[in-house]
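K.L.:
I'd like to ask you about the structure that follows.
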Amino acid sequence: MNVKVSVVPYAMVISVNQSESKEYYGGKIELTSSNVIGKVEGIEQYSCSEQSIGIDWKKVDLAEKYEIYKLVNDEYIKIDETTECMYEVTGLKPGTVLNIKVRAAVSKDSEVLRGDYSENVECISTYGVVEAKVDEACFKYVKISWDKVSSADGYKVYKYNSTTKTYNLLKDITSTSTTSYTDTAVSSGKSYLYRVVVYKDINGLMNESEIGTPTTAKIGVYGVDVSQYQKTIDWEKVKAAGVDYAIIRATRYSSSATNGTNLTKDNTFDTNMKNAIAAGVKVGVYVYSYANTVAEAKKEAAYVISLVKNYKMTYPIYFDIEDSARKKTSYKAENTEMSIAFCEAVKAAGYKAGVYSGASFFVNYLNIINFLN
């Protein structure tokens, strides 16, 4: 840009008596000087929020104001002007990326003289909170995912550490097309908290989203139900596979048995109990009931109590009532009474007690409400 500059020749005659000194001026000469208004330097983003960005720059000599330009469809369009060496763009959506240039300007003889454009500065408003969700949670891993943010540089996945009471960085994902993460450092029966932050590096200014409500992954406790039908079990492998507990069958039916309702010990009961406990698998037991009366149910309770007295159990002794002979609606009250009698006998002996059956049996052949009182 050009500006006109007036140059006036000038001379002074000095006398011995200074009072008589005189100045002599010649005629005005019009000269033209190029780019008198300097280029804006040092432009950078200094602040950001979800709805705004702030930029500033160095002062330009002779400048009266600064014009703000935004890149729109490959062309820089003037959006505003200011007399300050800073400017805030407002009314943005979270994660909005802007390319901004600034020019210094001054008015002269009804003309506006402008300096060169500043360098482009890429700015971005703060990203909104990333809402992660749990896709899968099992005893081997937790998989979380979130929506893609195309303008970002990447995502940071954090996991809560209950010992230090802080969120630790699990993974810095530098690809915006990757919108999930699988955490394998998990255990069954526990809950984990995760947070995901989206970010963009703008000339060294790290723009990260706000940290919102953590995503909770609850992992259930996994167990197995075993009997002699599973034959020889490698309990070390069972534990390594993520199984936390086993409910082991204590009894089986035998026509020659004299204890209770023709019950005798399951062929693999002692082996399974010893080896499961040795492998670190927590145990409970169950009795598949053939009882037809409250008295018989109490006998079954007494028998199983005699079998478990030498074992340390974490889980209950269950009354497994599901035999087809008891599937009559007319037996509903009696089935309920037998179940309660079994459990009371087990609890009286110092053990936890429970009732095990199928959903249909519970609904059609037991009065569930009685177990809640």
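The values are calculated or read from the model by the stated rules, or taken from the named source; none is laboratory data. None of the values given here were measured: they were computed from a predicted structure. All Cβ positions, glycine included, derive from the backbone under ideal geometry; neighbour counts span all protein chains shown. To get the accessible areas, we keep the full protein, side chains included, count just its heavy atoms, and leave off ligands, DNA and RNA. Shrake-Rupley method; radii C 1.70, N 1.55, O 1.52, S 1.80 Å.
K.L.:
Hey, among Ala276, Ala291, Ala302, which residue is assigned to a loop (DSSP other than H, G, I, E, B) and touching a residue at least 40 places away in the same chain (Cβ under 8 Å)?
P.N.:
Ala291
K.L.:
For the stretch 274-288, which residues satisfy the criterion of being touching a strand residue (DSSP E or B) at 6+ places or on another chain (Cβ under 6 Å) and open to solvent by less than 50 Å² (accessible area, probe 1.4 Å)?
P.N.:
Listed by number, the residues that qualify are Ala276, Val281, Val283, Gly284, Val285, Tyr286, Val287.
K.L.:
So, Tyr315, is that one of a type in the set (Ser, Thr, Tyr), touching a strand residue (DSSP E or B) at 6+ places or on another chain (Cβ under 9 Å) and either open to solvent by 10 Å² or more (accessible area, probe 1.4 Å) or without any contact (Cβ under 8 Å) to a residue 12 or more places away in the chain (or both) or not?
P.N.:
Answer is yes for this residue.
K.L.:
Select from the stretch 69-85 the residues that are open to solvent by 100 Å² or more (accessible area, probe 1.4 Å) and within 40 Å of the chain's Cα centre (by Cα) and write down the one among them that is nearest to Gly38 (Cα to Cα).
P.N.:
That would be Glu75.
K.L.:
Starting from residues that are assigned to a loop (DSSP other than H, G, I, E, B) and open to solvent by 70 Å² or more (accessible area, probe 1.4 Å), keep the ones in the stretch 238-273 and report whichever is farthest from Ala291 (Cα to Cα).
P.N.:
Per the stated criteria, the residue is Asn267.
K.L.:
Take the stretch 87-110 and flag every residue that is among the small types (Gly, Ala, Ser) and more than 23 Å from Asn203 (Cα to Cα).
P.N.:
Selection gives Ala105, Ser107, Ser110.
K.L.:
Please enumerate the residues belonging to the stretch 209-237 that are under 32 Å from the mean Cα position of the chain (by Cα), crowded, with 17+ Cβ neighbours inside 10 Å and not hydrophobic (A, V, I, L, M, F, W, C).
P.N.:
Ser209, Thr215, Gly223
K.L.:
Can you confirm whether the stretch 332-355 contains a residue that is closer than 22 Å to Tyr229 by Cβ, of a type in the set (Lys, Arg) and modelled with pLDDT of 95 or more?
P.N.:
No, because not a single residue in the stretch 332-355 is closer than 22 Å to Tyr229 by Cβ, of a type in the set (Lys, Arg) and modelled with pLDDT of 95 or more.
K.L.:
Could you list, in sequence order, the residues of the stretch 289-312 that are open to solvent by less than 50 Å² (accessible area, probe 1.4 Å), over 46 Å from the mean Cα position of the chain (by Cα), among the hydrophobic types (A, V, I, L, M, F, W, C) and under 19 Å from Lys265 (Cα atoms)?
P.N.:
Within the stretch 289-312, Ala291, Ala297, Ala301, Val304, Ile305, Leu307 meet the criteria.
K.L.:
When the stretch 42-68 is examined, which residues are found to be in contact with a Phe, Trp or Tyr (Cβ under 7 Å, 6 or more places away or on another chain) and either open to solvent by 20 Å² or more (accessible area, probe 1.4 Å) or not in a strand (DSSP E or B) (or both)?
P.N.:
Correct list: Gly42, Ile43, Asp56.
K.L.:
Open to solvent by 60 Å² or more (accessible area, probe 1.4 Å) and β-branched (Val, Ile, Thr) - does that describe any residue in the stretch 325-333?
P.N.:
Yes: one or more hits.
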